[in-house]
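Undergrad: Mind looking over this structure? Questions follow.
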Amino acid sequence: MPILRLFLDGDVDRLGSGGAAVFRDRWAEARRLERPTLLATQERPELRLSLENEAILRMDAGRYAGTEAWDRKLRLTALVPLRPVFDEIPATVFVGVRRETGRLHLATSEDGTLIDSVESRDGVDVGVATALPWGVSLAGSVGANGEGGPSWLLEARYRPGPLVEAWYRRRSASWDYQLTVPDGVSRKIQSPEVNYRIDDLQSESELGAELGRRNVAWLTGGIVLEDVQDLWAEAGGKPLPWLALRLGFDSEVYRFDDTMEADGTGTIAQVDLGMRRERYFGGFDAETGKGQIRGRYVHSSLTGASQGEEVGTAAARAFLQVDYDMGLFFDGGYRIEGHQFALGWDRHVEDGVGFAVGAQFFRMLLHPTDFSITSGTLQRALAAEEIRPARADLLGLTGALYVPVGRFRLAAAVGQYLPIAAEQQRLDRPPTQPEPTPAPGPSQPPRDEGPYEWLTGSVGKALDKLAKYGGGNRLLFEISTEL
């Protein structure tokens, strides 16, 4: 999962100026073929090749040597206007080819591989967009997403006048994800290989509108009709010719309902996952004559909840080798809060070399997190853990460079997080309960936490690793040309 993209946001033209590019860019979405009606009036053929690399984490030394997490995306887009054929009714054919790969590999020096997830997804989309009279634009595309099945998109846009625009978009796509826990991970019980496969089917209808003029004042937003919690809205105005003030909000909801399988046993559990992201943000754009200064503040909240229920006696047979229905139930949740302050300067030049530089301060807060495993048959909890609140402060540095080479334009942008400080709160005792004095006796051997001790009791150690090995980076590269 592209984690850093949640905070080091933006395409190659916006990442460099601070990395908090939370306001939507409709033309960037059009180039990704997400809003193809805007391509209907394309005047010249265009080719665009883009590469995105997200290095989330890599550890080459210490207890977690060999642990890494990364995500990569390669995309090729071609736009071919049909104006010579249909002069009165403009139309554009578009083709997009993409390949996404990612890996999550967790290992320790004592236990070897604990979790290994490798994703590889290919996709292709072909479609056409046209602008009809009376301010109506239509677009549609069909595609294939590897093993995930077919995808399609339909969009209609209506602009009756210069101050009003409305659109309706319906799309459907399917992806497959698989997480693997190898056999023999647990040192206390037999643990076969476990696979958790997620079939991500996204089918949604968005209804949106925009009012006003971008050079005066505007209000825009959209809502997903299948889930009213999935929506976004932005507003802005220009009190001065050189200054634009902006505010926004968005909310995204993800839900997964899939099964977990164990080698030799089959389906052992039904798992429900849910995640919601909310953001409130504001900022300004100030023209300086030689560039643009951008300032942003973003408050984000990422909340997750998961539940798992044993299917029959499958889990007991897989891990305990007994045919007994224990009624196992897993429940867990988390909440991560973020505060970002970003400032950047962007100097785009029409026919020359341009660049952008920026920085952001990012405070990430982990709220109290807990999970438990209970047995309905035994009527008690078999495991219950709580992770104490933690805080991490990071400095984000960003930059971009735009270079014209003949008829081509080369662009590159990078964002890097550098840890500043990290701490985990202690559990304070009430004043009436002084710290107990341990009774004398023989020393006890250290408690065996098992290979998943990093998850339940050592967030502080994980934060130390973050400070030692860096905070991750995101790199974008793009080549484009108009023929």
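The values are calculated or read from the model by the stated rules, or taken from the named source; none is laboratory data. For clarity, every value in this text was computed on a predicted model and none was experimentally measured. Here Cβ is always computed from backbone atoms with ideal geometry, including for glycine, and neighbour counts include all displayed protein chains. Each accessible area value is taken on the protein alone, full model and side chains, heavy atoms only, with ligands, DNA and RNA left out. Shrake-Rupley method; radii C 1.70, N 1.55, O 1.52, S 1.80 Å.
Undergrad: Out of curiosity, is Ala244 buried (at least 16 other Cβ atoms within 10 Å of the Cβ), closer than 30 Å to Gln292 by Cβ and touching a strand residue (DSSP E or B) at 6+ places or on another chain (Cβ under 6 Å)?
TA: Here the answer is yes, as Ala244 does meet what is asked.
Undergrad: Can you find even one residue in segment 108-122 that is aliphatic (A, V, I, L, M), open to solvent by 70 Å² or more (accessible area, probe 1.4 Å), in a strand (DSSP E or B) and at pLDDT below 90?
TA: Yes - at least one qualifying residue is present in segment 108-122.
Undergrad: Now for a different question. Residues Arg35, Arg24, Arg99: which one is of a type in the set (Lys, Arg), closer than 28 Å to Phe408 by Cα, touching a residue at least 60 places away in the same chain (Cβ under 8 Å) and surrounded by fewer than 17 Cβ atoms within 10 Å (Cβ to Cβ)?
TA: Numbers: Arg35 fails: surrounded by fewer than 17 Cβ atoms within 10 Å (Cβ to Cβ); Arg99 fails: touching a residue at least 60 places away in the same chain (Cβ under 8 Å).
Of Arg35, Arg24, Arg99, the one residue that is of a type in the set (Lys, Arg), closer than 28 Å to Phe408 by Cα, touching a residue at least 60 places away in the same chain (Cβ under 8 Å) and surrounded by fewer than 17 Cβ atoms within 10 Å (Cβ to Cβ) is Arg24.
Undergrad: Here is a list: Leu382, Leu394, Leu401, Leu365. Which entry is open to solvent by 60 Å² or more (accessible area, probe 1.4 Å), modelled with pLDDT of 90 or more and either in a strand (DSSP E or B) or within 30 Å of Asp346 (Cα to Cα) (or both)?
TA: Leu401
Undergrad: When Phe94 is evaluated against the numbered criteria (1) assigned to a loop (DSSP other than H, G, I, E, B); (2) touching a strand residue (DSSP E or B) at 6+ places or on another chain (Cβ under 6 Å), which criterion, by number, is the only one it fails?
TA: Failed condition: (1).
Undergrad: Which condition number in (1) modelled with pLDDT under 90; (2) assigned to a loop (DSSP other than H, G, I, E, B); (3) surrounded by 15 or more Cβ atoms within 10 Å (Cβ to Cβ) is the one that Trp70 fails?
TA: Going through (1) modelled with pLDDT under 90; (2) assigned to a loop (DSSP other than H, G, I, E, B); (3) surrounded by 15 or more Cβ atoms within 10 Å (Cβ to Cβ) one by one, Trp70 breaks only (2).
Undergrad: Among the residues of segment 264-287, is any of a type in the set (S, T, N, Q), touching a helix residue (DSSP H, G or I) at 6+ places or on another chain (Cβ under 9 Å) and not in a loop (DSSP other than H, G, I, E, B)? Steps first, please.
TA: First pass over segment 264-287, keeping only residues of a type in the set (S, T, N, Q): 265, 267, 270.
Of the ones still in play, those that are also touching a helix residue (DSSP H, G or I) at 6+ places or on another chain (Cβ under 9 Å) are 265, 267.
Retained after the next criterion (residues that are not in a loop (DSSP other than H, G, I, E, B)): 267.
Scanning segment 264-287, I find at least one residue that is of a type in the set (S, T, N, Q), touching a helix residue (DSSP H, G or I) at 6+ places or on another chain (Cβ under 9 Å) and not in a loop (DSSP other than H, G, I, E, B), so the answer is yes.
Undergrad: Please state which one of Ser17, Ser50 is outside any loop (DSSP other than H, G, I, E, B), crowded, with 16+ Cβ neighbours inside 10 Å and polar (S, T, N, Q).
TA: Being outside any loop (DSSP other than H, G, I, E, B), crowded, with 16+ Cβ neighbours inside 10 Å and polar (S, T, N, Q) holds for just one of Ser17, Ser50, which is Ser50.
Undergrad: Report yes if some residue within segment 331-348 is open to solvent by 30 Å² or more (accessible area, probe 1.4 Å), at pLDDT 75 or above and not in a strand (DSSP E or B); otherwise report no.
TA: yes
Undergrad: Which one of these is crowded, with 16+ Cβ neighbours inside 10 Å, small (Gly, Ala, Ser), within 20 Å of Glu43 (Cβ to Cβ) and modelled with pLDDT of 80 or more: Ala91, Ala173?
TA: Ala91
Undergrad: From Glu210, Glu261, grab the single residue that is within 28 Å of Ser300 (Cα to Cα) and outside any loop (DSSP other than H, G, I, E, B). Walk me through how you get there before you give the answer.
TA: Working: Glu261 fails: within 28 Å of Ser300 (Cα to Cα).
So the residue among Glu210, Glu261 that is within 28 Å of Ser300 (Cα to Cα) and outside any loop (DSSP other than H, G, I, E, B) is Glu210.
Undergrad: For segment 272-313, enumerate the residues that are crowded, with 16+ Cβ neighbours inside 10 Å, free of Cβ contacts under 8 Å to residues at least 60 places away in the same chain, among the hydrophobic types (A, V, I, L, M, F, W, C) and under 22 Å from Thr259 (Cα atoms).
TA: Scanning segment 272-313 gives Met275, Val311.
Undergrad: Among the numbered criteria (1) over 17 Å from the mean Cα position of the chain (by Cα); (2) over 30 Å from Gly352 (Cβ atoms), which single criterion is violated by Arg279?
TA: Single failed check for Arg279: (1).
Undergrad: Of everything in segment 187-212 that's at pLDDT 95 or above and open to solvent by 70 Å² or more (accessible area, probe 1.4 Å), which residue is farthest from Arg35 (Cα to Cα)?
TA: Of everything passing the filter in segment 187-212, Leu211 is farthest from Arg35 (Cα to Cα).
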